[in-house]
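Just below is one structure, and these are the notes that go with it.
The values are calculated or read from the model by the stated rules, or taken from the named source; none is laboratory data. Remember, predicted model here, so these are calculated numbers, not experimental data. Using ideal geometry, Cβ is built from the backbone for each residue, glycine included, and neighbour counts are taken over all protein chains shown.
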Amino acid sequence: MVSVNRKHIKQIRAKIPARIVLVANKHPKLLDDSGALAKRELVITFNRSWSGDAKLDPQLGAKLQAELPGIANWALAGLRRLRANKGVFTVGEKGKTAALELEHAQSPALRFAHDCLTVTGGKEFVETDMLYKRYCDWALQEEHLGQREIQNRTDFKSGLVAALASRGVRHGQERVPNSKERPFGWWGLIVNDRWDDVYNCWEKADA
């Protein structure tokens, strides 16, 4: 339910049965460390351009008009399939690849995890100081960020929690045997010695 502030008439609350459609040459830059926004998007890519007089078809309107019955039947068949699939659209391989790229583009934390970490969700523990240092190195060398653009520790923690909590990654203090030290860190992560070692592991986890 959402509030609808209608012009010059009474405001109402209603459930709007509609989808937002965004058409653009380039996806707007949105930041969402959790990756939830990208998962809610259905990405349809168009790689063929019709610009240029040689490619324009001045008779296209008439051709489509003649095809309207077939287009309508095609749309109705798609509607039946969508309803049978409980409202979930079928996403092809190109769409899945585009969605994963969008998810990483919107989430610096997911990009960092993809490049530098193996996410296990287990009992492996990494101290915050070590993980934050690896993040700073990655941000400078791979993302080419300036010092002022690098996240502080608080924002880094929030982003990583949002991105990886659903994968079993946890933040807290570790008890060190025979010591009073209780360093802060992360369970369920392994920092990779080589950043490209994790690629296949991450793709397998996504699948």
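Brief remarks follow.
- Of the residues L64, L102, the single one that is of a type outside the set (D, E, K, R), modelled with pLDDT of 90 or more, surrounded by 10 or more Cβ atoms within 10 Å (Cβ to Cβ) and more than 30 Å from F184 (Cβ to Cβ) is L64.
- Sole residue being surrounded by fewer than 17 Cβ atoms within 10 Å (Cβ to Cβ) and under 21 Å from K29 (Cβ atoms), chosen from L160, L140: L140
- If you go through segment 138-158 and keep only what is over 13 Å from C116 (Cα atoms), of a type outside the set (K, R) and not in a loop (DSSP other than H, G, I, E, B), you end up with L140, Q147, E149, T154, D155, F156, S158.
- Taken together, K96, K26, K39 contain a single residue that is modelled with pLDDT under 85, closer than 30 Å to F156 by Cβ and not in a loop (DSSP other than H, G, I, E, B), which is K39.
- Only one of I16, I44 that is of a type in the set (A, V, I, L, M), part of a loop (DSSP other than H, G, I, E, B) and under 30 Å from A165 (Cα atoms): I44
- Residue match in segment 176-187 (condition: surrounded by 17 or more Cβ atoms within 10 Å (Cβ to Cβ), out of contact with any His (no Cβ under 9 Å at 6 or more places or on another chain) and at pLDDT 90 or above): no
- F112 farther than 22 Å from L164 by Cα and of a type in the set (F, W, Y): no
- Scanning segment 1-34 for residues that are closer than 16 Å to G95 by Cα and surrounded by 10 or more Cβ atoms within 10 Å (Cβ to Cβ) turns up just one, H27.
- Check on F89, aromatic (F, W, Y), in a loop (DSSP other than H, G, I, E, B), within 30 Å of L164 (Cα to Cα) and not assigned by TED's automatic domain parsing to the domain that holds A163: yes
- Cβ-Cβ contacts under 6 Å between residues 6 or more apart (or on different chains), taken from a first residue in segment 162-174 that is under 13 Å from D33 (Cβ atoms) to a second residue that is assigned to a helix (DSSP H, G or I), are listed as A163/A109; A163/L110.
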